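Just dropping this structure here.
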Amino acid sequence: MISESLLPWYDKHARDLPWRLSPRQRCANPERQFTDPYHVWLSEIMLQQTTVVTVKSYYLKFLDLWPTVHELAAEELDKVLSAWAGLGYYARARNLHRCAKMISEDFGGVFPNNEEDLLVLPGVGPYTAAAISAIAFDEPSTVVDGNVERVIARFYALKDPLPGVKGQMKACAAKQTPAQRSGDYAQAMMDLGATICTPRSPACVICPIQENCKGRKGGIAADLPKKAPKKIKPTRRTYAYVFKDNKGRVLLRRRPDKGLLGGMTEVPTSGWLEGQDPLLDPTLEVLAEWDSFQGIVKHTFTHFHFEIVVRSAEFSQDVSRLAKELGASWHSEDDFGALALPTVMKKILRHAKLST
DNA sequence: AAATCGGGGCC
DNA sequence: GGCCCAGATTT
């Protein structure tokens with residue numbers, strides 16, 4: 001069993017993370033052995049496809065702004081999106097807010113304590129449901145994230161590629177899940193994957209489960225797990241129009257609730273075309289004397305590269321009518337911090353000599 | 001099953 | 001430049 005050697009290692013080497021009770025805290029408070037479900041849920045949503053280092057400051061900021069799920073539920077969505085800006089995968093923030101309302105208004109502020117009921121919550125999938133039930137309630141759920149997949153693939157020397165081998169990995173992981181200290185075990189597996197059983201050059205010589213690891217015995221640990229080849233990313237191009245008024249304000253608008261950067265704040269742009277030069281937006285072009293070529297902002301999303309030609313112009317009249325026509329509103333630089341500006345939009349504004 | 005959905009740090 | 005990250009949701 002992995003847990004026999006892994007848990008003693010975890011007791012010594014567990015990482016100190018904001019959403020994790022330290023051994024001292026657990027010793028001082030025998031009543032509270034597990035992290036508050038609200039804290040576990042919040043951290044797990046943030047940690048989806050996102051590194052621990054990146055999440056830490058956001059997690060602490062959110063708890064500071066909204067100490068309980070009720071306060072988060074009562075907040076405006078745009079305020080939550082603003083606080084989430086920069087973390088990426090903004091559907092997570094929208095689902096987080098929906099879920100908070102559900103917990104606060106329908107569940108009396110009490111999180112479900114088992115995998116099946118947690119799975120119903122928006123933004124909570126198989127991994128997160130298992131993680132919350134294990135970490136917050138010590139349920140013997142099988143928690144499988146990217147770390148665990150790597151550890152299991154190596155421990156059992158599973159050579160078939162992801163994602164096809166996911167089912168087999170889950171079955172292997174389930175066999176190892178202990179009935180006791182399930183939450184600690186889940187976190188120990190993830191710590192192991194993050195610090196020792198790393199993607200490149202794993203530190204097998206100091207690994208607590210090296211004894212029974214088939215990947216290490218076969219000398220193939222570093223080559224696992226195998227993954228299916230990835231598709232190449234196309235490039236999309238657009239013009240971004242930075243409208244400035246004579247007070248140094250800029251026209252910004254809210255993106256549609258669904259899809260890419262849903263609900264976030266944006267600079268008006270022309271169509272996002274693939275594989276060709278961007279097209280000027282005729283309705284925006286005639287509204288001002290635009291600066292000549294100002295250079296290109298480059299940004300890469302999950303599934304495409306993005307190249308933005310930035311244009312800017314200053315307005316002296318009809319600014320309110322213009323805002324109405326574009327469905328946009330004027331914002332001064334001082335307010336940028338309170339807006340839900342995704343990173344690509346901050347790049348564009350900075351390129352136009354505005355400080356975000 | 002495949003596509004969509006961010007951003008940063010590392011090599 | 002590609003890879004990885006405490007994945008979920010939609011098509």
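The values are calculated or read from the model by the stated rules, or taken from the named source; none is laboratory data. Nothing here was measured: the structure is a model prediction, and the numbers come from that model. Methodologically, a virtual Cβ is constructed for each residue, glycine included, from the backbone with ideal geometry; neighbour enumeration extends over all protein chains shown. Quick note on the areas: whole protein, heavy atoms, side chains included, nothing else; ligands and nucleic acids left out. Shrake-Rupley method; radii C 1.70, N 1.55, O 1.52, S 1.80 Å.
I'd like to know if the stretch A:213-221 contains one or more residues that are more than 16 Å from DNA strand B (Cβ to nearest atom), among the β-branched types (Val, Ile, Thr) and part of a helix (DSSP H, G or I).
For the stretch A:213-221, residues more than 16 Å from DNA strand B (Cβ to nearest atom), among the β-branched types (Val, Ile, Thr) and part of a helix (DSSP H, G or I): absent.
Which pairs have Cβ atoms under 6 Å, sit 6 or more apart or on different chains, and link a residue in the stretch A:93-117 that is acidic (Asp, Glu) and modelled with pLDDT of 95 or more to one that is buried (at least 19 other Cβ atoms within 10 Å of the Cβ) and assigned to a helix (DSSP H, G or I)?
Filtered contacts from the stretch A:93-117: A:Glu115/A:Ala129; A:Glu115/A:Ala130; A:Glu115/A:Ser133.
Also, I was wondering about something else. From the list A:Ser329, A:Ser320, A:Ser292, which residue is in a loop (DSSP other than H, G, I, E, B) and either closer than 30 Å to A:Lys166 by Cα or of a type in the set (S, T, N, Q) (or both)?
Criteria check complete, one pass: A:Ser292.
Additional query: Within the stretch A:272-285, is there a residue that is in contact with a helix residue (DSSP H, G or I) (Cβ under 9 Å, 6 or more places away or on another chain), under 16 Å from A:Lys244 (Cβ atoms) and either open to solvent by less than 30 Å² (accessible area, probe 1.4 Å) or outside the structural domain of A:Glu325 (by TED's automatic domain parsing) (or both)?
Yes - at least one qualifying residue is present in the stretch A:272-285.
Looking at the stretch A:299-339, which of the residues that are within 28 Å of the chain's Cα centre (by Cα) and open to solvent by less than 10 Å² (accessible area, probe 1.4 Å) is farthest from A:Lys247 (Cα to Cα)?
Only one residue tops the list, namely A:Phe304.
Just checking, which of A:Arg200, A:Arg236 is open to solvent by 40 Å² or more (accessible area, probe 1.4 Å) and either more than 30 Å from A:Ser312 (Cβ to Cβ) or aromatic (Phe, Trp, Tyr) (or both)?
Of A:Arg200, A:Arg236, the one residue that is open to solvent by 40 Å² or more (accessible area, probe 1.4 Å) and either more than 30 Å from A:Ser312 (Cβ to Cβ) or aromatic (Phe, Trp, Tyr) (or both) is A:Arg200.
Now a separate question. Identify the residue in the stretch A:246-271 that is over 24 Å from the mean Cα position of the chain (by Cα) and part of a loop (DSSP other than H, G, I, E, B) and, among all such residues, is farthest from A:Asp78 (Cα to Cα).
A:Asn246
Condition (residue is open to solvent by less than 20 Å² (accessible area, probe 1.4 Å) and either at pLDDT below 95 or farther than 28 Å from A:Leu261 by Cβ (or both)) applied to the stretch A:45-64: is it met by at least one residue?
Looking for residues that are open to solvent by less than 20 Å² (accessible area, probe 1.4 Å) and either at pLDDT below 95 or farther than 28 Å from A:Leu261 by Cβ (or both), one finds none in the stretch A:45-64, hence no.
To continue, here is another question. Are there any helices (runs of 4 or more DSSP H) wholly within the stretch A:77-169 with 1 or more residues that are of a type in the set (Lys, Arg) and surrounded by fewer than 19 Cβ atoms within 10 Å (Cβ to Cβ), and if so which?
Filter on the stretch A:77-169 gives A:77-84, A:91-101.
Can A:Leu261 be described as closer than 27 Å to A:Arg98 by Cβ and within 16 Å of DNA strand B (Cβ to nearest atom)?
Yes: the conditions hold for A:Leu261.
Answer yes or no as to whether A:Thr356 is closer than 16 Å to A:Leu252 by Cβ, within 16 Å of DNA strand B (Cβ to nearest atom), open to solvent by 20 Å² or more (accessible area, probe 1.4 Å) and not assigned by TED's automatic domain parsing to the domain that holds A:Leu252.
The answer is yes for A:Thr356.
Next question, about the same structure. List pairs: first in the stretch A:38-53 and within 6 Å of DNA strand C (Cβ to nearest atom) and outside any helix (DSSP H, G or I), second open to solvent by 50 Å² or more (accessible area, probe 1.4 Å) and of a type outside the set (Val, Ile, Thr), Cβ under 7 Å, 6+ apart or cross-chain?
Taking only residues 6 or more apart or on different chains, the pairs are A:Gln48/A:Tyr89; A:Gln49/A:Tyr89.
Every residue, every condition in (1) within 15 Å of DNA strand C (Cβ to nearest atom); (2) in contact (Cβ under 8 Å) with a residue 12 or more places away in the chain, yes or no:
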position: A:Lys61; (1), (2): no, yes
position: A:Asp64; (1), (2): no, no
position: A:His70; (1), (2): no, yes
position: A:Ala73; (1), (2): no, yes
position: A:Ala91; (1), (2): yes, yes
position: A:Pro122; (1), (2): yes, yes
position: A:Thr128; (1), (2): yes, yes
position: A:Ala131; (1), (2): yes, yes
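Looking at A:Arg255, A:Arg249, which is the one that is under 17 Å from A:Met345 (Cα atoms) and either among the small types (Gly, Ala, Ser) or without any contact (Cβ under 8 Å) to a residue 40 or more places away in the chain (or both)?
Answer to the check: A:Arg255.
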